[in-house]
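Please read the structure below before turning to the comments.
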Amino acid sequence: MSQATSHPDPDCIFCKIVAGKIPSRKVYEDDEILAFHDVNPWAPVHFLLVPKQHIPSMAHVGPEHEALLGRMMALAPRLALEQGCNPYPQGGFRIVTNTGAEGGQEVHHLHIHVMGGPRPWLRG
Ligand code: 5GP
Ligand code: ZN
């Protein structure tokens, strides 16, 4: 599966957040990427990084997305520290991307969870 939809999906929660139709607590924004706090955090720091274009999941990612995903992954450590994760190695953070039903994905717009902060966490 390599086909990705770049147009907003009218039923997609994260497309609505990108469009500002659903409010979010923004962490970072540029022309391709939005980061916002998870509404239901598992950890003291828990935000999501999403591409502004509607890519349903990691299963839809192809070579055309290498630069975008590279930028998202490279942003994560910087934003994690800015949001209060403690420095590596005592601190750190967890990056998770659930994919498909068996992967535990609930929102079908590609997103990277970034979780961190002092233990214990609620989950994860
Ligand atoms: P998934 O299970 O798909 O990997 O994660 C979806 C995440 O999106 C969940 O952690 C959930 O709390 C978060 N989420 C769902 N709806 C909203 C929303 O409307 N706003 C925000 N900020 N987060 C949401
Ligand atoms: Zn979407």
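The values are calculated or read from the model by the stated rules, or taken from the named source; none is laboratory data. As the structure is a computational prediction, the values presented were derived from the model and not from experiment. Every residue, glycine as well, gets a Cβ built from its backbone with ideal geometry; the counts of neighbours run over all protein chains shown. Just the protein is used for accessible areas: all its heavy atoms, side chains included, with ligands, DNA and RNA removed. Shrake-Rupley method; radii C 1.70, N 1.55, O 1.52, S 1.80 Å.
Descriptive notes on the structure:
- Only one of the listed residues (Gly62, Gly70, Gly84) is on the phi < 0 side of the Ramachandran plot, in contact (Cβ under 8 Å) with a residue 40 or more places away in the chain and among the small types (Gly, Ala, Ser). That residue is Gly62.
- Taking segment 23-59 as the range and being touching a residue at least 60 places away in the same chain (Cβ under 8 Å) and farther than 15 Å from Ile112 by Cα as the test, only Pro44 passes.
- Of Gly20, Gly62, Gly91, Gly70, all but one fail to be small (Gly, Ala, Ser), open to solvent by less than 70 Å² (accessible area, probe 1.4 Å), within 16 Å of ligand 1 (Cβ to nearest atom) and farther than 12 Å from Val114 by Cα; the exception is Gly20.
- Remark: pairs (first residue in segment 99-124, under 13 Å from Leu48 (Cβ atoms) and within 11 Å of ligand 1 (Cβ to nearest atom); second residue in a loop (DSSP other than H, G, I, E, B) and at pLDDT below 95; Cβ separation under 8 Å; 6+ apart in sequence or on different chains) = His109/Asp9; Met115/Gly124.
- All positions within segment 40-52 that are open to solvent by less than 60 Å² (accessible area, probe 1.4 Å) and hydrophobic (A, V, I, L, M, F, W, C): Ala43, Val45, Phe47, Leu48, Leu49, Val50
- Residue satisfying condition, being within 27 Å of Arg123 (Cβ to Cβ) and crowded, with 20+ Cβ neighbours inside 10 Å, within set Ile13, Ile55: Ile55
- Qualifying position, being over 23 Å from Cys15 (Cβ atoms) and of a type in the set (Lys, Arg), among Arg71, Arg94: Arg94
- Inside segment 23-32, residues that are within 16 Å of ligand 2 (Cβ to nearest atom) and surrounded by 17 or more Cβ atoms within 10 Å (Cβ to Cβ) make up a count of 1.
- Residue list for segment 40-54, filter: within 16 Å of ligand 2 (Cβ to nearest atom) and more than 12 Å from the chain's Cα centre (by Cα): Gln53, His54
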